[in-house]
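J.: The structure is given below, and queries will be raised subsequently.
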Amino acid sequence: MELPSYEHEATLIAQGFVRVAGVDEAGRGPLAGPVVAAAIVLPDDAVARSLGVRDSKQLSALQRDELYDALIERTSAWATARVDPNEIDRINILQASLLAMANAVAQLEPRPSAALVDGNRSPAHHFPDGFAPQVITVVRGDQRSVSIAAASILAKVTRDRIMEAYDAEYPGYGFASHKGYPSPSHRRAIETLGVCPIHRRTFRGVREFCENAHEPSSRR
């Protein structure tokens, strides 16, 4: 299997951009939980190559966990950011994803001069005032850019761990197994238990149950 390359990063560095971040998100499709983004600046291509970094979707959960630990040990320039369900419902999932990505990039220290972002939409309008790195969107970036692939691992593992913690907080929904995605078991749980505080109420599969749902009034 061909690994993502350092080509995009090398091109930007050759153009004078000193720090190039890879940026990706996890959790656009679930019915529950936050959308999480990650940003990372790899010190060089050798680090990712030695670790075998690739798109998080091509890895097992164990492989992702191991790579997560290895990546944060090899670089100090990484950050994650989340946007929770109430904000997702307020601004929509696309804007929430872009906001999470912008916040992750803005948290990097030192801040990057350029960012490679997975997809075809730039989060630039969500950056704080005075921060304007060069943004390059890369379709299928997690398969093409090793920095974006690394970010995809950090985002996915971070979000999975959040959902596993929610499983204990809201038992019966199965968040530890399906991570909030619209699996048959999750849909059945919503029908049986109603909507809980971390469900996205504007999403089809949830909004139908909101009006008469017996929602928990506080966290268990």
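The values are calculated or read from the model by the stated rules, or taken from the named source; none is laboratory data. Bear in mind that the values here come from a model prediction, so they are computed numbers and not experimental data. No Cβ is skipped: glycine too gets one built from the backbone with ideal geometry, and neighbour counts run over all protein chains shown.
J.: Could you tell me which of the residues Ala46, Ala26, Ala21, Ala37 is farther than 15 Å from Leu116 by Cβ and touching a residue at least 40 places away in the same chain (Cβ under 8 Å)?
T.: Answer to the selection: Ala26.
J.: Something else: Quick check, is Ala213 modelled with pLDDT under 95 and crowded, with 16+ Cβ neighbours inside 10 Å?
T.: yes
J.: Out of the residues in segment 54-84 that are under 17 Å from Asp44 (Cα atoms) and of a type in the set (S, T, N, Q), state the one that is modelled with the lowest pLDDT.
T.: Across segment 54-84, the extreme among qualifying residues is Ser76.
J.: Sticking with this one: Residues to consider are Asp142, Asp167, Asp129, Asp160; find the one that is assigned to a helix (DSSP H, G or I), free of Cβ contacts under 8 Å to residues at least 60 places away in the same chain and not hydrophobic (A, V, I, L, M, F, W, C).
T.: Answer to the selection: Asp167.
J.: Could you say whether any residue in segment 15-30 is in a helix (DSSP H, G or I), under 19 Å from Asp160 (Cβ atoms) and modelled with pLDDT of 95 or more?
T.: Among the residues of segment 15-30, not one is in a helix (DSSP H, G or I), under 19 Å from Asp160 (Cβ atoms) and modelled with pLDDT of 95 or more, which makes the answer no.
J.: Go over the candidates Thr202, Thr192 one by one and state the one that is of a type outside the set (D, E, K, R), modelled with pLDDT of 95 or more and within 21 Å of the chain's Cα centre (by Cα).
T.: Within the list Thr202, Thr192, the selection yields Thr202.
Okay, residues lined up against (1) over 17 Å from the mean Cα position of the chain (by Cα); (2) buried (at least 23 other Cβ atoms within 10 Å of the Cβ):
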| site | (1), (2) |
| --- | --- |
| Gln107 | no, no |
| Pro110 | yes, no |
| Thr137 | no, no |
| Gly141 | no, yes |
| Ser147 | no, yes |
| Arg159 | no, yes |
| Ile162 | no, no |
| Tyr170 | yes, no |
| Phe209 | yes, no |
